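The values are calculated or read from the model by the stated rules, or taken from the named source; none is laboratory data. Computed from a predicted model, the values in this text were never measured in an experiment.
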Amino acid sequence: FDNKLRLYMQENNNNQLEYLMENYNELVDQIFRFTYLKTSNKVIAQDLTSECFLSTIKYLKENEVHNLRAFLFKTARNKIIDYYRQKGRVIYSDEAVLANEEISGKDELVNKQDAKLMAEKIRLLNDDDREVLTLRYLEDLDIKEIADIVGKSQMATRVQIFRALKKAKSLIGEN
């Protein structure tokens, strides 16, 4: 994704805003899925996704970002935090992995049962661990992008993902 962005920017005078518009459908699906996993509410997730893109468009009119995809996820993350602060809640609510199955429209019963079991176990993880696992394995972001989003070094992010995955595996193995 970032290679496409760099190539596009070289050919089109670094116009990130234009690139964002041309790749909107791909990006909006990823950001919506992320916000839905954090809110468990389709309408709220749609609103937060729209706010994320509006904020990003306003920002890109006057500024450039190094990694547009990571910037979008970080903006979405901040919108989610703001939403919960306004609601007086500090902790995210998650439907975790099951939401990804429902959004993509897959109807395989076995996969849904497995996803539901995993979602129940992953809910036992703390918010930070759930978030890095979601970004890494559901949104397929690389370590650098996740580090940019969560505001940590790549090494700290790599360690957190490893530890979160180890915790998740042990929780799933308990069943």
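Looking only at region 139-175, which residues are part of a loop (DSSP other than H, G, I, E, B) and of a type outside the set (Lys, Arg)?
Passing the criteria: Glu139, Asp140, Leu141, Asp142, Gly151, Ser153, Glu174, Asn175.
Are there helices (runs of 4 or more DSSP H) fully within region 1-93 with at least 2 residues that are modelled with pLDDT of 90 or more? List them.
Filter on region 1-93 gives 24-39, 42-62, 68-86.
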